[in-house]
1. Go through the stretch 103-118 and give me each residue that's in contact with a Phe, Trp or Tyr (Cβ under 7 Å, 6 or more places away or on another chain) and open to solvent by less than 40 Å² (accessible area, probe 1.4 Å).
2. Report whether or not GLY49 is in a loop (DSSP other than H, G, I, E, B) and either within 22 Å of VAL81 (Cα to Cα) or out of contact with any strand residue (DSSP E or B) (no Cβ under 7 Å at 6 or more places or on another chain) (or both).
3. For the stretch 190-215, name all the residues that are under 15 Å from the mean Cα position of the chain (by Cα) and either free of Cβ contacts under 8 Å to residues at least 24 places away in the same chain or open to solvent by less than 20 Å² (accessible area, probe 1.4 Å) (or both).
4. Whether any residue in the stretch 209-231 is out of contact with any strand residue (DSSP E or B) (no Cβ under 6 Å at 6 or more places or on another chain), within 16 Å of THR123 (Cα to Cα), of a type outside the set (Phe, Trp, Tyr) and modelled with pLDDT of 95 or more is what I want to check.
5. Looking at the stretch 150-189 only, could you name the residues that are out of contact with any Ser or Thr (no Cβ under 6 Å at 6 or more places or on another chain), among the aliphatic types (A, V, I, L, M) and surrounded by 15 or more Cβ atoms within 10 Å (Cβ to Cβ)?
6. Restricting attention to the stretch 1-45, which residues are in contact with a Phe, Trp or Tyr (Cβ under 6 Å, 6 or more places away or on another chain) and over 14 Å from LEU64 (Cα atoms)?
7. Residues in the stretch 32-47: is at least one at pLDDT 80 or above and closer than 30 Å to ASP129 by Cβ?
Amino acid sequence: MNRTDRLYAIAEELRRVGRGGTTGARLARAFEVSERTIKRDIAALQQTGAPIWAQAGPGGGYVLDGSASLPPVNFTHAQAVAVAVALAALPPGTPFAVDGAAARGKVWDALGPADRALAAELTRRVWFDTAERPDTAGSAGSSDTAGSSDTAEPGVLRAVEQALARRRVLAITYRSADGAVTRRSVEPILLAHAEHRWYLVAWCRSRTAVRWFRLARIEKADLTHEQYPPHEVAEVGAPPVGARPVSATGPGTG
């Protein structure tokens, strides 16, 4: 999240919590920055005229005047994609699916032309498995997943998201199924959800080929400053059975 988006998000969070306010430590955890950064952000908001008050003492924090009027809600392209992914994950027959589709449309309508184009491109590069299958990821006899977590670290997820959106080379530390750990530089092409797991599909410079990296096995991911020419989705081949781009899915569709 860039600083402009974070400033607006902080103001929205203060408005949401109401008169009770919230602490700098909580805001720092929520936005994955330091408390010092939050203090600077609050000062910047105050300089723009936002009526934010600091409460001193134990349990003190920041409070936004309830009478404050903020501009209409804005969404970033990444937030729009997050809504699309969440709706794509809804199984067939989900209650309120029609309202979910309407909400997605409103989010898209709120985007500016540039963000809408970015969101459209990103949703082409997120595949989601819409087929209903029994979840056997933790079943006995599965040597690949037994006793291991299939949840990626938040820092890894953020780096992967930014690398894909900004076409930046990603330096990853990857642990294979047999436990071997390698360090690789990759060029993200898309994210794929298949058989209840998330994968980063990328051009691996070490192997000079497209490779699927299970997100939960990426132990570390560092966003570099190097940009790479965009890869066509066709380089990956056809999606797994039951999977399709989020741009082509809707809530409750199979």
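1. Going through the stretch 103-118, the residues in contact with a Phe, Trp or Tyr (Cβ under 7 Å, 6 or more places away or on another chain) turn out to be 107, 110-111, 116.
VAL107, LEU111, listed by residue number.
2. Against the criterion (in a loop (DSSP other than H, G, I, E, B) and either within 22 Å of VAL81 (Cα to Cα) or out of contact with any strand residue (DSSP E or B) (no Cβ under 7 Å at 6 or more places or on another chain) (or both)), GLY49 qualifies.
3. LEU190, ALA192, TYR199, LEU200, LEU215 - these are the residues of the stretch 190-215 that are under 15 Å from the mean Cα position of the chain (by Cα) and either free of Cβ contacts under 8 Å to residues at least 24 places away in the same chain or open to solvent by less than 20 Å² (accessible area, probe 1.4 Å) (or both).
4. No, the stretch 209-231 contains no residue that is out of contact with any strand residue (DSSP E or B) (no Cβ under 6 Å at 6 or more places or on another chain), within 16 Å of THR123 (Cα to Cα), of a type outside the set (Phe, Trp, Tyr) and modelled with pLDDT of 95 or more.
5. ALA152, VAL156, LEU157, ALA159, VAL160, ALA163, LEU164, ALA165, LEU170, ILE172, VAL186, ILE189, listed by residue number.
6. ARG6
7. Yes: one or more hits.
The values are calculated or read from the model by the stated rules, or taken from the named source; none is laboratory data. Since the model is a prediction, treat every value here as computed from it, not as a measurement. Neighbour counts are summed over all protein chains in view; Cβ atoms, including those assigned to glycine, are modelled from backbone coordinates with ideal geometry. These accessible areas exclude ligands, DNA and RNA; they are computed on the full protein's heavy atoms, side chains included. Shrake-Rupley method; radii C 1.70, N 1.55, O 1.52, S 1.80 Å.
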